[in-house]
Amino acid sequence: MLKIGDIKINNQVVLAPMAGVCNAAFRLTVKEFGAGLVCAEMVSDKGIIMKNEKTMNMLYIDEREKPMSLQIFGGERETLVEAARFVDKNSNADIIDINMGCPVPKITKCDAGAKWLLDPNKIYEMVSAVVDAVDKPVTVKMRMGWDEDHIYAIENAQAVERAGGKAVALHGRTRVQMYEGQANWDIIRDVKQAVRIPVIGNGDVTTPQEAKQLLDHTGADGVMIGRAALGNPWMIYRTVHYLETGELIPEPEVREKIEVCKLHLDRLIALKGERVAVREMRKHAAWYLKGVRGNGTVRNQINETETRDQLAGVLDQLVLDVEAKAAQVG
Ligand SMILES: Cc1cc2nc3c(=O)[nH]c(=O)nc-3n(C[C@H](O)[C@H](O)[C@H](O)COP(=O)(O)O)c2cc1C
């Protein structure tokens, strides 16, 4: 069993932190599809300290999604520690994760995110300071390095371990790569061999079989899935089932996809209000519809919707159309 500090995690499948995606509405949905651990979208340390209203809302956690991990990011020790302390005392997150992988220039410019990957000593300093300040287990999510010439994944993971970090999630790409090329799973294997804390492997897992391949190849303690879970919580469910039984569950039918999409929509409305939620849900709806025939025109209609009923109406009509076509063919 995967254990992070004293937090027991039922299986090896972890939902990756994704900004603009992994709020309580999506996390709960993915948790209900069997994820062992769900990670929240990154939250700015400064936003926490300023008690920015939007940031405070990002700290909302539903009891049913636990165990969950809340990720913070920042560039300075003082602010990162203060934010971690706030999350420790004022949220029911189980784990505090520190972002050291974000390649977005807005984040790296202020010395946060992936920039730390250039300096294991800085990682040690930052992680120790946070570990000392909080009771919850602290973990780190990192890319394998800054660029091809600066890959200190092993040194960085060892620094996290020495500093008292309780796990490392490793995305097998450099900062410079952004999302180009293939994720390097060899590095994940090397890191696994170099530390005793749990290692969660991440990068380019798109099927349940690939999740198993990553685990087999690297010996990692868990597998983290990001993009493949967008609009597709079944990916999580199918992966958990495949790892447990070796059996591959078929992909869902369009009706089931739409039902879950609407559940997700209603949860997002409860979280953010109808206006914001419907706008945000447009991208999710497009992801849910990936692979559904005729989704191009429907996507345009979705982008015009402003209310829950309009969006649900477009989705329901799509189900009827797809099923009617299937009946004709049948
Ligand atoms: C839309 C999106 C948002 C992301 N936001 C974050 C984030 O907030 N924190 C983080 O550590 N990684 C973030 N990532 C990176 C993912 O957690 C993950 O490392 C990456 O997508 C590789 O995994 P995958 O190949 O399974 O998608 C994000 C990725 C995507 C696609």
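The values are calculated or read from the model by the stated rules, or taken from the named source; none is laboratory data. Note that the structure is a prediction, hence the values are computed from the model and not measured. Glycine gets a Cβ as well: all are built from the backbone with ideal geometry, and neighbour counts include every protein chain shown.
Brief remarks on what is shown
- Given (1) closer than 25 Å to residue 284 by Cβ; (2) more than 11 Å from the ligand (Cβ to nearest atom); (3) surrounded by fewer than 21 Cβ atoms within 10 Å (Cβ to Cβ), index of the condition residue 19 fails: (2)
- Considering the conditions (1) more than 12 Å from the ligand (Cβ to nearest atom); (2) surrounded by fewer than 17 Cβ atoms within 10 Å (Cβ to Cβ), residue 182 is excluded by exactly one of them, (1).
- Taking (1) within 16 Å of the ligand (Cβ to nearest atom); (2) surrounded by fewer than 21 Cβ atoms within 10 Å (Cβ to Cβ); (3) closer than 15 Å to residue 93 by Cβ in turn, residue 27 satisfies each apart from (2).
- Residues satisfying the stated conditions in the range 304-330, i.e. exposed (fewer than 13 other Cβ atoms within 10 Å of the Cβ) and more than 20 Å from residue 252 (Cα to Cα): 304, 306, 307, 309, 328
- Residues that are surrounded by 24 or more Cβ atoms within 10 Å (Cβ to Cβ), touching a Ser or Thr at 6+ places or on another chain (Cβ under 9 Å) and at pLDDT below 95, drawn from the range 74-102: 74
- Some residue of the range 23-38 being more than 23 Å from residue 159 (Cβ to Cβ) and of a type in the set (S, T, N, Q): yes
- Test: residue in the range 119-126 that is at pLDDT 95 or above and outside any helix (DSSP H, G or I): no
- Condition check for residue 176: surrounded by fewer than 24 Cβ atoms within 10 Å (Cβ to Cβ) and either in contact with a Cys (Cβ under 9 Å, 6 or more places away or on another chain) or part of a loop (DSSP other than H, G, I, E, B) (or both): yes
- In the range 214-229, residue farthest from the ligand (Cβ to nearest atom) [restricted to those that are touching a strand residue (DSSP E or B) at 6+ places or on another chain (Cβ under 6 Å) and assigned to a loop (DSSP other than H, G, I, E, B)]: 221
- Evaluating residue 273 against the criteria (1) in contact (Cβ under 8 Å) with a residue 24 or more places away in the chain; (2) of a type in the set (Gly, Ala, Ser); (3) closer than 30 Å to residue 321 by Cα; (4) away from the ligand (no atom under 14 Å from the Cβ) leaves one unmet condition, (1).
Residue by residue, here is whether (1) at pLDDT 95 or above; (2) part of a helix (DSSP H, G or I); (3) not hydrophobic (A, V, I, L, M, F, W, C) holds:
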| position | (1), (2), (3) |
| --- | --- |
| 238 | yes, yes, yes |
| 243 | yes, yes, no |
| 248 | yes, no, no |
| 252 | yes, no, yes |
| 258 | yes, yes, no |
| 267 | yes, yes, yes |
| 276 | yes, yes, no |
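- Out of 205, 160, one residue alone is in the same structural domain as residue 32 (by TED's automatic domain parsing), of a type in the set (A, V, I, L, M, F, W, C), part of a loop (DSSP other than H, G, I, E, B) and crowded, with 24+ Cβ neighbours inside 10 Å. It is 205.
- Residues of the range 1-48 classified as among the aromatic types (Phe, Trp, Tyr) and not in a helix (DSSP H, G or I), total: 1
- Annotation note: Cβ proximity below 7 Å between a residue of the range 219-233 that is surrounded by fewer than 20 Cβ atoms within 10 Å (Cβ to Cβ) and a residue that is part of a helix (DSSP H, G or I) (sequence gap 6+ or interchain) occurs for 219/189; 219/192; 228/235; 230/287.
- Counted residues, the range 37-66 - those being touching a residue at least 60 places away in the same chain (Cβ under 8 Å), surrounded by fewer than 19 Cβ atoms within 10 Å (Cβ to Cβ) and not hydroxyl-bearing (Ser, Thr, Tyr): 1
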